[in-house]
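Asks: Sharing a structure with you now.
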Amino acid sequence: MKKLLLVENHPPTREHLTGVLSQAGYSVRAVGEPGSAMEHFVADNPALVVMSVDVPRLDGAHVGHLIRNYSLGARVPIVAIDKGHLGRARGVASLVDLKVNAYVADPLKPGELVGKLQALAAAMEQNATPLKGVLGMLVRPAVLSGDLKGFPLPAMLVSLYRLRRDGVLVVAHRDLTRRIFFAQGSAVNYDSSARQDALPSYLLQRQVLNEAQAERVVQALGSGLRIGAALNEAGVEAAGEELLQLLREYTMDRVAQVIGMREGRYAFYPGDDFQSEVATVETPALAPILDGARRAMPLKTLAAPLRAHQSEFPVRTPDFGRDLGALGLNTEDLKIAMQMNGRIPLRDLLAHGRGDLRRGYSLLWFLRLVGGVDFSATPVAQGPGEVVVVPDVIAPRKRKPLPADVAANLREGAVRIITGSYFRCLGLEIAADSEAVERSYHELAMRFHPDSYAEYDTSEMKDLLDSVQEKLSAAYRVLSVADKRKAYLQYLVSRMDVGRSTTVNVDAELMLRRGEAALKRKQYRSALIHFEEAVGLNPQEPEYYSYLAWATFLAGTGPKEDRARAAQKVLRKALALNPYLERALIISAIIDSEMNDESGARKKLLKVLELNPNSQLAKAALRKVGR
């Protein structure tokens, strides 16, 4: 079955087309968001793409542009579908620069969409030319793929190392694509679609290059030069072992960054075809796993698999010595590992051994993952003649006083969390989704947990820190469940808008917040869609029409005059519901000013200031009109 990616933001249409295309013999991956579409395109390599022309833009770009800019996107047939079945077709003019292979005005018209897909697939097979190298690998089926949620990559990298696999690991998040190349189970190269991830940026951060040299290296690499020649071109002397060490450190740093990703998708494509076109460097295969875990994983995640072993005795396994080179442990970690002699209980090793709590937990988590440590229920004998085995004892470490500035920051943050709403205590907007809730909870819970300050005496702040954990846990329990979050929002918004004459609709409020966020990012088309949904959910709320009018003026179709008339028509609906609505009057005045009607704009703004002399927005608009 051919893989097909369906990108459609209208749920009923998406559901219907998924059924139609599945019955036609396609394996359909249906998504509604452009970010998810790119993640699935990069990780799944579909043979065909069907996308709606009105999908919200991702960072100002249509998903069609993003697909075409990807290495394999130029070969994949794309069919653009419109909204003719809803009476909202935009026409072929909406496809300018999208480089699609076909256009279907009404995707629900029987036979038309499937017929075009079959014709495109047949033409593709007839004209297909075999790909080689990296691209040839990426068109093969992935042997491993999935979602990055839950940190699946550490275990996968251990498996690649044990099986000595060759291949390419591709990770994708929204429009970001990262690739790690493996030879015999070790990462040997890395590349990324983001310029800030590239080697010149890394060397700039390390102060190996200055900004002018970094720019010259980028240009030289773009012209096809290898990194050594590109550095020489920029006037930087780096060759031999010095250059290899820079490349080794860069690769390990970026692989660790990928290990810590928790959003997006991944796929592993087997083979060694890349070696003819990708420069390789040897690295300790397992070392980036520990580095990435320490950068990104919450302490709670690292501690969870060790919880059942707290009273047991960790002891190094024979694999520890065999894998020592691949582990890449530094001096501090080796000192901790040497204490894992099977005679010190895990809880004592973590509490009183070398290193702080996070270092100890992360190292034990890592060694357990790679098979470098085992746990014994009783102390382990060190020699064949030992009859009675006695546990070693580690004296508790004396803790240092908590620095004054750290204590002050903790108290200030704790008070803000304890006294704020559930959204505020987690630092989230009300439109935040479950993933954002989980991420924020783990980050804050780790920051305010006493274990994060294990080397310091936090006894004076114990009650405060315990209260913070209780508040964060309560917020997480409510906001991580959709029904509970919606009920809490209903309560919260009703308190925030006591003077509102209409009933609060939580779904509409969410659409409004998402539209506001899109406006700030200058994604006007996406904002317009969100505001339209908000008005549809609660047509009696005048404020929604104000936002919809502004988005209509910015993102509507047709000449500026037509957009202005359409926006003013929407504003009249708002003012019919509330003749004194400040935002609607100000937006109406701004549109008048844009259409060179300064007199009309001034009158409206003066009317607002008569009603509210302290309106800063009206004053700012009046100053602009006065110019």
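Asks: Shape call for region 298-376 from the C-alpha gyration tensor, a ≥ b ≥ c root eigenvalues: rounded (a/c under 1.5), prolate (a/b greater than b/c) or oblate?
Replies: Details: a/c = 1.36, a/b = 1.25, b/c = 1.09.
Verdict is rounded for region 298-376.
Asks: In the chain, if the dipole is taken from +1 on Lys/Arg beta carbons and -1 on Asp/Glu beta carbons about the Cα centre, which of Val370, Met156, Leu554 is farthest to the positive end?
Replies: Leu554
Asks: For Ser27, what residues show an amide H to amide H distance below 5 Å, using hydrogens built from the backbone and excluding near sequence neighbours?
Replies: Residues meeting the amide H criterion: Lys2, Lys3, Leu4.
Asks: Another one. Pairs of Cα atoms under 8 Å, at least six residues apart: use those to get the relative contact order of region 141-283, whole percent.
Replies: Values: 212 pairs, mean separation 55.4, N = 143.
Result for region 141-283 is 39 percent.
Asks: Further, regarding this structure: Under the √(5λ) rule applied to the eigenvalues of the Cα gyration tensor, what semi-axes describe the equivalent ellipsoid of region 204-360? Give them in Å, descending. Walk me through the intermediate numbers first.
Replies: Numbers: eigenvalues 298, 60, 52 Å².
Over the Cα atoms of region 204-360, the semi-axes work out to 39, 17, 16 Å.
Asks: Just want the answer: with Cβ charges of +1 for Lys and Arg and -1 for Asp and Glu, which residue in Leu402, Val478, Leu346 is farthest toward the dipole's positive end in region 332-486?
Replies: Val478
Asks: Now for a separate question. Using the crude model of +1 on Lys and Arg Cβ and -1 on Asp and Glu Cβ, and no other charge, please compute the dipole size for region 106-260 relative to its Cα centre, in debye to 20. Each step should come with its number before you reach the end.
Replies: Details: 17 positive and 16 negative charges, 109 e Å.
Using only the charged Cβ atoms, the result is roughly 520 debye.
Asks: Against the longest principal axis of the chain, how steep is helix 357-370, in degrees 0 to 90 to the nearest 10, with axes from Cα atoms?
Replies: 80
Asks: Please list the non-local residues whose amide H lies under 5 Å from the amide H of Ala102, H modeled 1.01 Å from N, same-chain partners needing a gap of 5 or more.
Replies: So Ala102 has HN proximity to Ile78, Ala80.
Asks: Let me ask something else about it. Taking only Cα atoms of region 124-187, what ratio of Rg to Rh do you get with Rh as the Kirkwood inverse-distance radius?
Replies: Details: Rg = 13.8 Å, Rh = 13.4 Å.
Using only Cα positions, Rg/Rh for region 124-187 is 1.03.
Asks: Okay, moving on. Grab the DSSP H runs of the chain that are 4 residues or longer, score each as -39,500 (n - 2.57), total them, divide by all residues and round the 222 nm result to the nearest 500 deg cm²/dmol. Before the final figure, lay out the partial values.
Replies: Working: 29 runs with 329 residues, N = 627.
Helix-only estimate at 222 nm: -16000 deg cm²/dmol.
Asks: Compute the separation of the alpha-carbon centres of region 338-358 and region 530-579 and state it in Å as a whole number.
Replies: The two parts, judged by their Cα centres, are 64 Å apart.
Asks: Scan around Leu144 for amide H atoms under 5 Å from its own, H built in the peptide plane at 1.01 Å from N, and keep only partners 5 or more places away or cross-chain.
Replies: For Leu144, whose amide H was placed from the backbone, the distant partners under 5 Å are Phe268.
Asks: OK, next. What is region 2-54 by shape, rounded, prolate or oblate, if you read a ≥ b ≥ c off the alpha carbon gyration tensor as root eigenvalues and call it rounded for a/c under 1.5, prolate for a/b larger than b/c, and oblate otherwise? Before the final figure, lay out the partial values.
Replies: On the way: a/c = 2.10, a/b = 1.05, b/c = 2.00.
Taking the square roots of the gyration eigenvalues as a ≥ b ≥ c, region 2-54 is oblate.
Asks: Also: Output ³J(HN,Hα) for region 172-183: one whole-Hz value per residue in order, computed from phi by the Karplus curve 6.51 cos²θ - 1.76 cosθ + 1.60 with θ = phi - 60°, and x for Gly and Pro.
Replies: Couplings: 9, 9, 6, 9, 8, 10, 10, 10, 10, 9, 10, 10 Hz.
Asks: How large is the dipole of the chain about the Cα centre if only Lys and Arg carry +1 and Asp and Glu carry -1, each at its Cβ, rounded to the nearest 20 debye?
Replies: On the way: 81 positive and 72 negative charges, 277 e Å.
Computed charge dipole of the chain: roughly 1320 debye.
Asks: For region 2-129, what is the percent of antiparallel DSSP beta bridges, rounded to the nearest 5?
Replies: Values: 1 of 18 bridges.
Taking every DSSP beta bridge within region 2-129, about 5 percent pair in antiparallel fashion.
Asks: On to the next question. Sorted from fewest to most neighbouring beta carbons within 10 Å, what does the list Glu509, Glu112, Glu211 look like?
Replies: Glu211, Glu112, Glu509
Asks: Ok, one more. Find how many whole Å separate the alpha carbon centroid of region 414-466 from the alpha carbon centroid of region 270-284.
Replies: 43
Asks: A follow-up question, please. Which aspartates and glutamates, if any, have their Cα less than 14 Å from the Cα of Lys486, not counting same-chain residues under 8 positions apart?
Replies: Output for Lys486: Glu429, Asp433, Asp507, Glu509.
Asks: How large is log10 I(q)/I(0) at q = 0.14, 0.18 Å⁻¹ when the Debye formula is applied to the Cα atoms of region 141-283, each weighted equally and without solvent?
Replies: Ignoring solvent entirely, the Cα scatterers give -0.68, -1.06.
Asks: Moving on. Report D for the chain in µm² per second (integer): Stokes-Einstein, Kirkwood Rh on Cα pairs, 10 °C, 1.306 mPa s. Can you show the working numbers first?
Replies: On the way: Rh = 28.9 Å.
So the translational diffusion coefficient is about 55 µm²/s.
Asks: While we're on this one: Any idea what angle helix 112-127 forms with the longest principal axis of the chain, computed on alpha-carbon atoms, 0 to 90 degrees, nearest 10?
Replies: Tilt relative to the chain: about 50 degrees.
Asks: Then there is this: Tell me the angle of helix 153-163 to the major Cα principal axis of the chain, expressed in degrees between 0 and 90 and rounded to the nearest ten.
Replies: That helix lies at roughly 50 degrees to the long axis.
Asks: Express as a percent, rounded to the nearest 5, the fraction of DSSP beta bridges in the chain (both residues included) that run antiparallel. Could you put the intermediate results ahead of the total?
Replies: Details: 29 of 48 bridges.
Counting DSSP beta bridges with both partners in the chain, the antiparallel share is about 60 percent.
Asks: Another question, if that's okay. In whole Å, how far is the Cα centre of region 206-258 from that of region 75-91?
Replies: 44
Asks: Using the Kirkwood radius over C-alpha pairs as Rh, can you work out the diffusion coefficient of region 506-626 via Stokes-Einstein at 4 °C, viscosity 1.567 mPa s, in µm² per second?
Replies: Numbers: Rh = 14.4 Å.
Result for D is 90 µm²/s.
Asks: Give the dimensionless ratio obtained when the Cα radius of gyration of region 400-496 is divided by 2.2 N^0.38 Å. Intermediate results must be reported in sequence, preceding the final value.
Replies: Details: Rg = 14.5 Å, N = 97, 2.2 N^0.38 = 12.5 Å.
Here the Cα radius of gyration is 1.16 times the empirical estimate.
Asks: Treating only the Cα positions of region 12-153 as identical point scatterers, give the base-10 log of I(q)/I(0) from the Debye formula at each q in 0.08, 0.11, 0.18, 0.20 Å⁻¹.
Replies: -0.23, -0.43, -1.17, -1.43
Asks: For labels at Gln23 and Gln616 in the simple 7 Å Cα→Cβ model, what's the distance in nm?
Replies: Taking the simple label geometry, Gln23 and Gln616 are separated by 5.8 nm.
Asks: With a Förster radius of 51 Å, plug the Cβ-Cβ distance of Arg565 and His352 into 1/(1 + (r/R0)^6) and report the FRET value to the nearest 0.05. If you can, show how the numbers build up before the last one.
Replies: On the way: r = 75 Å, r/R0 = 1.47.
Rounded to the nearest 0.05, the efficiency is 0.10.
Asks: Checking the table Lys400/Lys462; Lys522/Lys624; Lys83/Lys484; Lys2/Lys83; Lys300/Lys462 against a 23 Å threshold on Cα-Cα, which pairs fail?
Replies: Numbers: Lys400/Lys462 15 Å; Lys522/Lys624 21 Å; Lys83/Lys484 35 Å; Lys2/Lys83 25 Å; Lys300/Lys462 19 Å.
Beyond 23 Å between Cα atoms: Lys83/Lys484; Lys2/Lys83.
Asks: Compare the Cα positions of Ala508, Leu209, Ser36 along the charge dipole of the chain (+1 at Cβ of Lys, Arg; -1 at Cβ of Asp, Glu; about the Cα centre) and return the one farthest towards the positive end.
Replies: Most positive-ward Cα: Ala508.
Here, each number is a calculation from the coordinates, and none is a lab measurement. What you are looking at is a predicted structure, and each value in this text was computed from that prediction instead of being measured. Note that each Cβ is placed from the backbone with ideal geometry, even for glycine, and that neighbours are counted across all protein chains shown.
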